[in-house]
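The values are calculated or read from the model by the stated rules, or taken from the named source; none is laboratory data. Just so it is clear, the model here is predicted, and its values are computed rather than measured. Cβ placement follows ideal geometry from the backbone for every residue including glycine, while neighbour counts extend to all protein chains displayed.
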């Protein structure tokens, strides 16, 4: 198929050709970036939390006024919960994943550092913390019985040392001691006395998204027996089928144990729901981007159909002459398809350049990542296909022009 | 009315120069009915375009009803065309979306005429051509002859000083052609100057005066009182008699 | 002539229904997307207190130790309790207030309403006149109540409805935590958008239900909420007066915005004094931002919303390019008729005007349908579980803007096709293809 006559015809219809090219370019640029953003959101929604999401329940419970016997009440509540049928483990902590409140500390490698090495979140875990959340140790050990402290003991005025031990995530261990075994090493948590790393767990996410994606798993567990009113919650582990039943039983048991307290119903739910709500914004944005991409493709397709139909109509006499000179229907069809392919090609090249430009700008303003190259062929193929589908109708109409048109006067 | 002196039109492309008109001289007095004949490619269409202010010319002078058109900008030419000239085309050129009334309305609108005056003129023009009862009809509903008469009504509605007709009967059968020519003669009798381009010698004979254009040069073949210039020797091909 | 061209445009639409529908739909989609995102953006970036937003200032000091300091760094975005109480005592502005967030349990006297948990704000007396909060009943408390740790509270209209059935509850008591507090005022309808005074709570959420004097809240050890940043040994008491922690917000109202420089000089002087006294370690590094500057600094409009706005504009641009092409096709298809009109006396300008009127009419039609699509889009936004979802409404200004953008955009789109159309030479041949 001769390309030159196609190009010279296009050169004579510069405006309409330019419009098709620009539309395709702009659509390609937007779609490449939009699909990338969708991919990012989906990746975020798929992240590994480290906890046994489908087996956990959260109960938010608050004392009215001050809790006078926080330690005793907490111990009693936990004993009660652990004895309920169907409960595998129960604990309390200052914070949980998927709830936007979080405790953070600076982590140093040396006692007197100008700037902290990193900022990590700290979960206060008592004896059943690891078992309740289903965390997996990949190095070292869990805390021993004698290592646990209460906050009062920690803050006692005559205490000279800070936290004795800590468990960190693998990501954090890699960041602090790259390539080495972190177990046994020491870090400094806002005091001049060292805190020894006794264990490394595989995954545990921070409660909120603070610090960005790279800091998502800068997490520590400190051996502190928090009282329930610190985080205002109990976490209960059971089997997935028994969740509703155990939740109801747990709430009833807690209500009956001790002074009147408030159970906050809207925040008392299985972790699977908390997780779903946590990602709602990502989900919504991914859907929105998807719809916009679909609409953009539709609009561009309609534009191509409109302009191609117009062209066919303008060139009806030419087409008739070609047919009279011996062109087959298939050749006329292919002519228009090749013409569209060329235009789409130019548009796609421009569009990819524009996609990178847009991505650069987004990176500088809105903390985006660099557009991975894989999205470019996706966008390219999508638009080439779109162009071919859109031009098919008008091209078929062109092929149906009878050769007799050639002999009729304009 | 129409006074062209030494009008030359040269079409220039990158490689080729075409002289469509070469020093054409032509004068038409008020109230004349002139037929312009000539073979195809002779330049008569170009002449008509220039006469109708549809095209500019390269050299020469053209005075239309006392107005020198040289140096007029596009707006001024449009206005002059609108006020002084009526066109009648071979393929009628009525706008298919509009009915007869609205078709005749088009030139009057560009003259910013008030609605009452427009209505009066259109009704008068359509009635004059015998289509008064068909004002709301669309061109597609009319025969060829009726469409041409509607086009004539459109040309007349603005009371033009000059009617330019390009093969007005070209698309009509002989009976319709005769009726259209009668109408034109009637209009001429009432004082409107008519210049008609045709290749039909029978039609040309019905005009008062014939002008023959060949290779861009006009030669007068007047059968009536000689008002045009006599061809000068050495000016290109002489015309064959009709 | 405008009426004539409008008439011709409408006729042309009727004749080319498919093409016109395509153009109108394209514009409608673009307008719908654009207006939805623009409305949400406008709601989120609006001025929450326009009558005095240039006179209300947020104070930032730098009490942190020298270690870890980067030159030119922004100071902390909250102040310590000691600094807040000191500045409040010195009273250098027209009004000033310290404040922080909290959560309290409320136990209604009526036994049939269960105790519940709600948001609170611990602040000082000037909060109410400074932010011009409307009152349904009663007033805020007085400065003497702050000093005396008075057991008083101001409640929101919603809380008043919930607990007292909407009656005038001034003078009644409400058990907050363990303690009964006397209600001195019930707020009217007050919904600053965003909730600018504390950037660490839900920024577009509803106003707190209970307002208690800060001193009282410390006395009763009521629970706090919000952000707290400590840099030293707190000894277990981060809310203590001398704790090395920032967790309070401090706002000041000046008589007019020109006094800001003077007040900042006062803050710098205060910082220098604290340094001389050994409490501050760094050189004076203060900030004084008015409401809009403070919102801007906090990037109040979420990134996602800004991204959506750009997406909306990009979409509109694609739709406009589409329209340019379709209009071009439409006008050039009629080049025969344009030639005849030129022959009959239309100047180039008249042809241009006729085409623009047609483009504008398409824009108007597209804008009308686009308005419907925008309303649909905003309904979808309201179904989202975001804090600002309920604010997504189209007001009068945005309604007019919709039509304005639609018509202007379509006129712009029509410029190129109209210019091409007006180049058509006057012709006496109607090419009927």
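Below, the figures for the structure above:
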quantity: Residue satisfying all of: in segment A:24-48; touching a helix residue (DSSP H, G or I) at 6+ places or on another chain (Cβ under 8 Å) and away from chain C (no Cβ under 14 Å); farthest from residue C:321 (Cα to Cα) among these; calculated: A:45
quantity: Wholly within segment C:1-103, helices (runs of 4 or more DSSP H) carrying at least 1 residues that are within 14 Å of chain A (Cβ to nearest Cβ); calculated: C:17-44
quantity: Some residue of segment C:20-33 being under 20 Å from the mean Cα position of the chain (by Cα), over 30 Å from residue B:107 (Cα atoms) and at pLDDT 90 or above; calculated: yes
quantity: Among (1) part of a strand (DSSP E or B); (2) surrounded by 20 or more Cβ atoms within 10 Å (Cβ to Cβ) - the single one residue B:50 does not satisfy; calculated: (1)
quantity: Condition met for residue C:228 (surrounded by 18 or more Cβ atoms within 10 Å (Cβ to Cβ), within 12 Å of another protein chain (Cβ to nearest Cβ) and at pLDDT 90 or above); calculated: yes
quantity: Residues of segment B:38-75 that turn out to be on the phi > 0 side of the Ramachandran plot and within 11 Å of another protein chain (Cβ to nearest Cβ), as a count; calculated: 1
quantity: The lone exception for residue A:382 - which of (1) more than 14 Å from every other protein chain (Cβ to nearest Cβ); (2) over 21 Å from residue A:39 (Cβ atoms) it fails; calculated: (2)
quantity: Condition met for residue A:327 (more than 14 Å from chain C (Cβ to nearest Cβ) and either under 30 Å from residue A:42 (Cβ atoms) or not in a helix (DSSP H, G or I) (or both)); calculated: yes
quantity: Options A:101, A:93; residue that is under 23 Å from residue A:70 (Cα atoms), within 14 Å of another protein chain (Cβ to nearest Cβ) and in a loop (DSSP other than H, G, I, E, B); calculated: A:101
quantity: Residue that is farthest from the other protein chains (Cβ to nearest Cβ) [pool: residues in segment C:293-317 that are out of contact with any helix residue (DSSP H, G or I) (no Cβ under 9 Å at 6 or more places or on another chain) and buried (at least 19 other Cβ atoms within 10 Å of the Cβ)]; calculated: C:294
quantity: The listed residue being in contact with a helix residue (DSSP H, G or I) (Cβ under 6 Å, 6 or more places away or on another chain), at the interface with another protein chain (Cβ under 7 Å from one of its Cβ atoms) and more than 30 Å from residue C:54 (Cα to Cα), out of C:340, C:324, C:351; calculated: C:324
quantity: Check on residue A:78, in contact with a strand residue (DSSP E or B) (Cβ under 8 Å, 6 or more places away or on another chain), in a helix (DSSP H, G or I), surrounded by 15 or more Cβ atoms within 10 Å (Cβ to Cβ) and touching a residue at least 40 places away in the same chain (Cβ under 8 Å); calculated: yes
quantity: Candidate set from segment A:294-308 (those that are more than 7 Å from chain C (Cβ to nearest Cβ) and buried (at least 23 other Cβ atoms within 10 Å of the Cβ)); member that is nearest to residue C:311 (Cα to Cα); calculated: A:304
quantity: Options B:73, B:49: the member that is modelled with pLDDT of 80 or more, out of contact with any strand residue (DSSP E or B) (no Cβ under 7 Å at 6 or more places or on another chain) and more than 30 Å from residue B:145 (Cβ to Cβ); calculated: B:73
quantity: Residue that is farthest from residue C:221 (Cα to Cα), among those in segment C:139-171 that are in contact with a strand residue (DSSP E or B) (Cβ under 8 Å, 6 or more places away or on another chain) and without any contact (Cβ under 8 Å) to a residue 40 or more places away in the chain; calculated: C:168
quantity: Residue ranges of helices (runs of 4 or more DSSP H) in segment B:73-163 with at least 1 members under 15 Å from the mean Cα position of the chain (by Cα) and under 22 Å from residue B:183 (Cα atoms); calculated: B:74-84, B:144-157
quantity: Subset of segment A:4-23 [modelled with pLDDT under 85, within 14 Å of chain C (Cβ to nearest Cβ) and in a helix (DSSP H, G or I)]; calculated: A:12
quantity: Residues being surrounded by 18 or more Cβ atoms within 10 Å (Cβ to Cβ) and either under 15 Å from the mean Cα position of the chain (by Cα) or assigned to a strand (DSSP E or B) (or both) - total across segment A:186-215; calculated: 12
quantity: Unmet requirement for residue A:387, which otherwise passes all of (1) under 20 Å from residue C:314 (Cβ atoms); (2) away from chain C (no Cβ under 14 Å); (3) buried (at least 20 other Cβ atoms within 10 Å of the Cβ); calculated: (2)
quantity: Failed item in (1) surrounded by fewer than 22 Cβ atoms within 10 Å (Cβ to Cβ); (2) touching a residue at least 12 places away in the same chain (Cβ under 8 Å); (3) within 12 Å of another protein chain (Cβ to nearest Cβ), with residue C:394 passing the rest; calculated: (3)
